[in-house]
Amino acid sequence: MSLKTKTINAFLWVSSAKIVNQLVSWLVTVLLARLLLPSDFGLIGMAWIFIGFLDLMNELGVGAAIIQKKNLGEDDLNSTFWISVLSGLFFYLTAFLLAPGVAIFFNNDKLTSVLRVLSLVFIIGALKTIPFNLLTKELAFAKRSIAEFLSVLIGGIFSSTLALLGGGVWSIVYGTLLQNLILSALAFYFAPWKPKPVFLWEKVKQLLSFGVSIAGSRVLWYFYTSSDSLIIGKFLGDKLLGFYAMAFQLSTMPVQKITAIVNQVTFSVFSKLQDDKENLRLYFLKITRFISLITFPCSVGLFLVSESLIKVILTEKWLPILTPFRILCLMGLLKSVDAIIPSLLMAKGKPQILFKYTFLCFIFLPLSFLIGARYSITGVAFVWISVYPLLSIYLFKQGLSELDLSLAHYMQSLFPAIFTSAGMAVVVLIFQLSDKTFYSKSVYFTLIGSCILGATSYLTFLLWFHKSIIEEVRDIYDSLRWADSQPKL
């Protein structure tokens, strides 16, 4: 099977698994919400703030190093496995010892025992680092997706059963541990590798030299992406933070879901092509074009229907989020296409460039959010479309230079999405203007009509002006049919 077909299959498996896993997670969450107290969810939320931060450092970036390195030997894998296990033990002990202090900070005595049990995820997660990333490296996303689905399903059933039996907050804790344990076990089952008692420090050093920069970038990313909410909560209060959190989540949801799917695949694909600049450039531009064709109309569409969407879905009490919501929709256009560049830089063995970029964001964004907070949540949202694009210039410059790609050539890959989204916007705005003048002025009519006209006009512009993209989609379909028709060995 060619790399092209493997890549297409990987995207299909990851996206399908993401949708199914999300549906199962939502069903479990709704059931648990009916059975448990809000304080139980609050307790878990407090625990994950602390555990989530430590988890960024737990893997030490070795997962990314495994995917990126071209020639991996058994000594590399075995040595890295044992350093991962030691890292998991270290962070478990760290969480165990710091748990009472975290409980004091949140003024909740119950948090100590919850943290000490839940932090076992560090050890369990360390066990799957090698086999799980080997599956990713080889684009074996069918096996990986099956493992993820079964772990989510069994863990969800277990949590729900414990909740029905009166397990309280522990139903979430033990369900989470079981989910991670099953995922680790299935990763070993599907991956053609088993650990051996071999440890060579020289092998570990080679992978850690790459991985530490990745881990550092993730820590800085965690801080600067959380700083807006932290500043709003500290200086503007919980009510405005609630408005901002809802605006951010609703406006960026399509972009986050799509880029999460793409990033799981692109790093592996780019790593395989790291020494083939011509094909790497081709894949980079094609993936960028297809991402923009999905995310641009989603972000523009959300901007266009923002007022009616908020009134229908959230009710009028949420209208204060309208302006920041629209601003953050515009931010989503940039976030959807710059998300692919970190995968490119890591695949090319340049994590230090990514670290420099996240360090710049870590320095300038929190300071800008502090200034923006003087103008309430709208000021904070405005930072995302004023300061963040300036910082992204460095990221784009470095990424495009790795491919010897000009800005003009790169923009050509975005032109179909920009043109068709702009055409869609004109059609929807004309409808909305005439709706206010001639029609029923029903918010439901405006929302539904805008969505139908938007989707129809976008597809029409795409079919009429960019027929080559339709040919590419047909080519993808033919590639998959050809792959399915081949005898399985």
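Values as computed for the structure displayed
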| item | result |
| --- | --- |
| Answer residue from region 411-432, given it is touching a residue at least 60 places away in the same chain (Cβ under 8 Å) and within 25 Å of the chain's Cα centre (by Cα) and is farthest from TYR444 (Cα to Cα) among those | SER413 |
| Members of region 245-271 found to be surrounded by 17 or more Cβ atoms within 10 Å (Cβ to Cβ) and within 25 Å of GLN412 (Cβ to Cβ), listed by number | PRO254, VAL255, ILE258, THR259, ILE261, VAL262, VAL265, THR266, PHE267, VAL269, PHE270 |
| Count of residues meeting criterion [within 27 Å of the chain's Cα centre (by Cα) and farther than 11 Å from LEU54 by Cβ] in region 88-110 | 1 |
| Residue match in region 209-216 (condition: assigned to a loop (DSSP other than H, G, I, E, B), of a type in the set (A, V, I, L, M) and not assigned by TED's automatic domain parsing to the domain that holds LEU302) | no |
| Filtered residues of region 326-353 (kept if surrounded by 23 or more Cβ atoms within 10 Å (Cβ to Cβ) and either under 13 Å from TYR224 (Cβ atoms) or among the polar types (S, T, N, Q) (or both)) | SER336, SER343 |
| Any chance SER227 is over 17 Å from the mean Cα position of the chain (by Cα), polar (S, T, N, Q) and modelled with pLDDT of 75 or more | yes |
| Check on LEU304, touching a residue at least 24 places away in the same chain (Cβ under 8 Å) and under 24 Å from the mean Cα position of the chain (by Cα) | no |
| Selection count, region 224-244, where residues are buried (at least 17 other Cβ atoms within 10 Å of the Cβ) and not aliphatic (A, V, I, L, M) | 5 |
| Scan of region 73-124 for residues that are small (Gly, Ala, Ser), part of a helix (DSSP H, G or I) and under 27 Å from LYS137 (Cα atoms), ordered by number | SER79, SER84, SER87, GLY88 |
| Residue identified as without any contact (Cβ under 8 Å) to a residue 60 or more places away in the chain and either touching a Cys at 6+ places or on another chain (Cβ under 9 Å) or over 26 Å from LEU391 (Cβ atoms) (or both) among LEU345, LEU309, LEU322, LEU334 | LEU322 |
| Among the residues listed as LYS311, LYS317, the single one being surrounded by fewer than 22 Cβ atoms within 10 Å (Cβ to Cβ) and at pLDDT 90 or above | LYS311 |
| Any hit, region 424-439, residues being of a type in the set (Ser, Thr, Tyr) and either surrounded by 15 or more Cβ atoms within 10 Å (Cβ to Cβ) or modelled with pLDDT of 95 or more (or both) | no |
| Candidates PHE199, PHE188, PHE132, filtered to the one that is outside any helix (DSSP H, G or I), closer than 19 Å to SER84 by Cβ and in contact (Cβ under 8 Å) with a residue 60 or more places away in the chain | PHE199 |
| Of residues in region 375-410 being of a type in the set (A, V, I, L, M), free of Cβ contacts under 8 Å to residues at least 24 places away in the same chain and surrounded by fewer than 18 Cβ atoms within 10 Å (Cβ to Cβ), the one nearest to SER229 (Cα to Cα) | LEU390 |
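The values are calculated or read from the model by the stated rules, or taken from the named source; none is laboratory data. Owing to the predicted nature of the structure, the values given are computational and were not obtained by experimental measurement. Cβ: placed from backbone, ideal geometry, glycine included. Neighbour counts: every protein chain shown.
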